[in-house]
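For reference, the structure is listed below as structure tokens.
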Amino acid sequence: MTVFVRSITFCSLLLCVCVFAIAQDAPEGLSANQVFRKDCAKCHGKNGEGRRFGGPSLVSEKTAGASADDLRNAIVNGKGRMPSFAGRLTPEQVDTLVRQIQAANKPQ
Ligand code: HEC
């Protein structure tokens with residue numbers, strides 16, 4: 001019986017390790033970016049798919065066709081109803097967002 005309990009414990013431990021390893025392997029995309037989750041997801045959705053307050057999808061022909069500068073401009077200076085993030089994000093944080101938005105628009 002104890003052997004049984006022990007092997008069950010061992011197996012569930014192993015399962016935990018596996019699940020954890022898979023979670024760690026998740027793509028480093030927008031949805032994993034803390035800045036995006038905190039500042040952008042409320043309008044653009046958890047995965048940038050667009051959501052509330054008129055926030056459009058960030059995965060669209062429009063963003064796919066936008067240059068890095070266009071995207072950077074929209075984030076730093078705001079655009080339409082989108083607020084400006086100048087002074088709230090570091091240039092590195094903005095660059096990461098731009099890169100991840102572009103990556104999200106590339107065919108997988
Ligand atoms: C208050 C809601 C709101 C928040 C918060 C917000 N956005 Fe936006 N965003 C918008 C709206 C609305 C637009 C469309 C502006 C327009 O075209 O008139 C937009 C447009 C954009 C665009 C340009 C898309 C295009 O196709 O031209 C980018 C890039 C963008 N947002 C990125 C971000 C990022 C990155 C963040 C977080 C730092 C963020 N947004 C936070 C509402 C928001």
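Since every read-out is calculated from the coordinates, none of them should be taken as a lab result. Since this is a predicted model, take the numbers as computed values, not measurements. Here the Cβ positions follow ideal geometry from the backbone for every residue, glycine too, while neighbour counts run over all protein chains shown.
Just need the Rg to Rh number for the range 28-105, please, alpha carbons only, Kirkwood Rh. Display every interim value, and only then the final one.
Working: Rg = 11.0 Å, Rh = 12.2 Å.
Result: Rg/Rh = 0.90.
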DSSP loop (so not H, G, I, E, B), at most 15 other Cβ within 10 Å: list which chymotrypsin sites (Phe, Trp or Tyr not before Pro) in the range 26-108 pass both filters.
PHE53
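Test of the criteria: in the range 63-108, which trypsin sites (Lys or Arg not before Pro) are in a DSSP loop and have at most 11 other Cβ atoms within 10 angstrom of their Cβ?
Numbers: sites: ARG72, LYS79, ARG81, ARG88, ARG99; in loops: ARG81, ARG88.
Answer by residue number: ARG81.
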Give me the extension gain from ARG88 to ALA68: residue separation times 0.36 nm, minus the current Cα-Cα distance, reported in nm with one decimal.
5.3 nm
Using the 10 angstrom Cβ neighbour count as an exposure proxy, how do LEU71, LEU97, LEU58 rank, fewest first?
LEU71, LEU97, LEU58
Straight-line reach check, LYS38, cutoff 22 Å on alpha carbons, 8 or more apart in-chain or any other chain, hits among lysines -> LYS46, LYS79
